[in-house]
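Before any comments, here is the structure.
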Amino acid sequence: MPRVPRSAGITAAALALALFASAPAVGDAPVVSDPSVLAHFDLAKGESPENIALASDGSAYLTLSSARQVVRIDRTGRKRVLATLPAVADPHTPIVGAAVVLGIARARNGTLFVNYATGTGATGIWRVPARGGTARQIAQLPADGFPNGLALDERRGVLYAADSVRGVVWRVPRTGGRPTAWAAGAALEARNPRPAARVGVNGLRFHRGAVWVSNTNAGTLLRIRVRNNGSAAAIETRATKLYAIDDFAFVERHRDTALAALTGGSEVVLVRPDGTRQVVLARKDGLSNPTAVAVRGRTAYVPSAAYFTQQDPNLLVARVDQRDRG
C-alpha cells in the first residue's frame, strides 16, 4: 500500500485506525521472536520501504516507493542504492497522484524486476541489473492502473503483477512484452468507495504452483492455481478478516502457512492453512505500518513504510520458530 497524498492523510489515518479497532482478538502464542530493527529510513527523502526480495546471503532488496529507488541492505544494515527510476514530469497515478515504485521480484541470477506506477506510459514492469545500474521498462501496463505486488515464476519464465485499481493479475513474459490479463473477478476488486483508499488485489506471491494474492479492502488471502496450460484456475479464498492486509510471505517447511503484514494496525499475523490467525509482531516490536514480509530460513524480514504513522520507516528482522508446524 503506497503513501497517500497529504490532502487525504486524515482520511487514510482514520481508515487505518478504524480497521485496527475492529480487528478481532487472537491468540498470543508466539511463532516469531527476537525482533530488532536492522535499518532505518528517512521519510523526508521519500524513503518508505514498500516491498522486499531476498538473496541467499541474507541481503534484502527493497523498493523505496516515493524516492523511486531500489536499494540493497546487507546483513549489517548498510544501504546501497542500485537504481533510481526516472522522474515523470506530470504523474497522474491513481490513489497517490505521484510516481511510486512498488513490488519487487528477484531472479536466481540476481536480476531485479519492479513495478512502477506513474499514471503515464512509464507505468509497468522495469528491470534492474543484478549489480545495479540503469532501470529499463520491459512491459507497459495500463496508465490508469496501479501495479502493486509482483512475483516471478522462473520455471515458466513469467512475471505476475497485481493491479490494485483494476482488480486484475497481469501475466508478462520475463523477457518483457505484451501483458495478459491472467486473472480477474470480484474477489480481486477494490471495495472502498474513497478513491484514496480503493486498494483491491495487492500483495502477490508465487508458491507451490499457485499465485497467492491479498485483497486489502476485502481483508482476504486468496489462492489461484496455475493450470498445466498456464491459465488461471478458480480463485479460492484461504483466509478472511485480515484487516488492511498488504503483502505476505510463506514460512519455509510449513507448506501454506503465511506471515502477513496488516499495514493499518501495524501488525504481522501468522495465517495458518485453515485460515486461523494470530498476531506475532506488533507496534511495540518496532512495526510502523508494515507493507510486506519475506522469509529465508529462520529469519523474517518486515519493511515498515510508515505511511500513516509518519514515524520511523524501517526494516525489522526477527527469528522464525520453525518448530511450530502450523
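Of note:
- Looking across region 119-140, the residues that are surrounded by 23 or more Cβ atoms within 10 Å (Cβ to Cβ) and assigned to a loop (DSSP other than H, G, I, E, B) come down to THR123, ALA135.
- GLY297 being at positive phi and touching a strand residue (DSSP E or B) at 6+ places or on another chain (Cβ under 6 Å): no
- Subset of region 266-279 (residues that are closer than 17 Å to ASN314 by Cβ and either acidic (Asp, Glu) or modelled with pLDDT under 95 (or both)): GLU267
- Hey, ASP163 crowded, with 24+ Cβ neighbours inside 10 Å, under 19 Å from the mean Cα position of the chain (by Cα) and acidic (Asp, Glu) or not: yes
- Scanning region 159-172 for residues that are in a strand (DSSP E or B) and in contact with a Ser or Thr (Cβ under 9 Å, 6 or more places away or on another chain) returns ALA162, TRP170, ARG171, VAL172.
- Looking across region 268-316, the residues that are surrounded by fewer than 23 Cβ atoms within 10 Å (Cβ to Cβ), more than 18 Å from ALA239 (Cβ to Cβ) and of a type in the set (Val, Ile, Thr) come down to THR299, THR309.
- Close pairs (6 angstrom Cβ cut-off, 6 or more residues apart or separate chains): within 17 Å of LEU85 (Cβ to Cβ) in region 41-52, of a type in the set (Val, Ile, Thr) and part of a loop (DSSP other than H, G, I, E, B) anywhere: GLU50/THR291
- Contacts under 9 angstrom Cβ, first residue in region 171-182 being closer than 16 Å to GLY149 by Cβ, partner in a loop (DSSP other than H, G, I, E, B) and among the β-branched types (Val, Ile, Thr), 6 or more apart: none
- Residue that is nearest to GLY103 (Cα to Cα) [pool: residues in region 191-240 that are assigned to a loop (DSSP other than H, G, I, E, B) and touching a Leu at 6+ places or on another chain (Cβ under 7 Å)]: GLY200
The values are calculated or read from the model by the stated rules, or taken from the named source; none is laboratory data. Source: prediction; values computed, not measured. No Cβ is skipped: glycine too gets one built from the backbone with ideal geometry, and neighbour counts run over all protein chains shown.
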